[in-house]
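The values are calculated or read from the model by the stated rules, or taken from the named source; none is laboratory data. Quick caveat, the model's predicted, so the values are computed rather than measured. We place every Cβ from the backbone using ideal geometry, glycine too, and count neighbours over all the protein chains shown.
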Amino acid sequence: MIRILLVDDHPSVGEGTKTMLEQDPETEVTVLVSPVEALEVLKHETFDVCLFDLNMPVFSGIELTKRILSIYPDTKILIYTGYEISSHFNLLVESGACGFISKTSTREQLNNAIRCALREESVIPVALLKQLRRTEVRLSQLKSDKAHDDVSINEKEQEILQEVALGKSNKDIAGRLFISQRTVEYNLTRIFQKLKVSSRSEAIVEASRLGLVHLQEFE
């Protein structure tokens, strides 16, 4: 028997997924709507695989994953979400999750993902792999009016730049990337220093010139 814990704050989604998975007589699904409740249940029960929604009240599936793995490091966790996750990829990987599966997946796809997790194999959609950018973006500017001999920004900084290009506030960026506003401010300071600019608008223009963001993507 494969015991699965599904945590999703939308009861209809949880029950629908439970019904779908339990078509396999060897699968038993427990559905919870609160990450806080999940922490309590895991004190007394064990599960073969956990499926966590990404965005939930109180704290996210990423935070729930981190908390559980800090206590029960062998837990196998999949992020089960209907949201676009490419911009959160690094955070999801760093959380320790085995992988990601979409809520639009078929029963066969979901079962395959669960079995991959049981075998301790990573579960990453092919479409996501195609979207992933390099962890480090290094650009040499041979023809530049400025002295940018070598510009290097990491994945998180590039994600923040893209959100800035969308006109998002620090608060909005923090919420979307699951980081604090202080972290956003710190990274923006580093970005300004690296690009040798002093404002958000200058950063967008310079980042576009260097190919770090493509403004047409945000129109």
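Would you check if I173 is within 24 Å of L54 (Cβ to Cβ), assigned to a loop (DSSP other than H, G, I, E, B), modelled with pLDDT of 85 or more and within 25 Å of the chain's Cα centre (by Cα)? It is false that I173 is within 24 Å of L54 (Cβ to Cβ), assigned to a loop (DSSP other than H, G, I, E, B), modelled with pLDDT of 85 or more and within 25 Å of the chain's Cα centre (by Cα).
Return the total of residues in the range 29-72 being assigned to a helix (DSSP H, G or I), of a type outside the set (V, I, T) and crowded, with 19+ Cβ neighbours inside 10 Å. Don't jump to the end; show me each part of the working.
Taking the range 29-72 as the starting set, the residues that turn out to be assigned to a helix (DSSP H, G or I) are 35-41, 61-71.
Now restrict to residues that are of a type outside the set (V, I, T): 35, 37-40, 61, 63-64, 66-67, 69-70.
Checking the rest, the ones that are also crowded, with 19+ Cβ neighbours inside 10 Å come to 35, 38, 61, 64.
So the answer is 4.
The criterion of being at pLDDT below 95 and closer than 16 Å to N112 by Cα holds for P25. Scanning the range 154-168 for residues being free of Cβ contacts under 8 Å to residues at least 60 places away in the same chain and part of a helix (DSSP H, G or I) gives a total of 7. Of the residues in the range 34-51, not one is under 30 Å from Q162 (Cβ atoms) and modelled with pLDDT under 90.
T75 falls short on exactly one of the conditions (1) part of a loop (DSSP other than H, G, I, E, B); (2) free of Cβ contacts under 8 Å to residues at least 40 places away in the same chain; (3) farther than 24 Å from R119 by Cα, and that condition is (3). Candidates in the range 180-201 are the residues that are within 21 Å of the chain's Cα centre (by Cα) and in contact (Cβ under 8 Å) with a residue 24 or more places away in the chain; of these, the one that is farthest from L91 (Cα to Cα) is L188.
Here L212 meets the list (1) crowded, with 18+ Cβ neighbours inside 10 Å; (2) modelled with pLDDT under 85; (3) out of contact with any Leu (no Cβ under 7 Å at 6 or more places or on another chain) almost entirely, failing just condition (3).
Residues in the range 11-20 that are exposed (fewer than 14 other Cβ atoms within 10 Å of the Cβ) and closer than 20 Å to E40 by Cβ: P11 alone.
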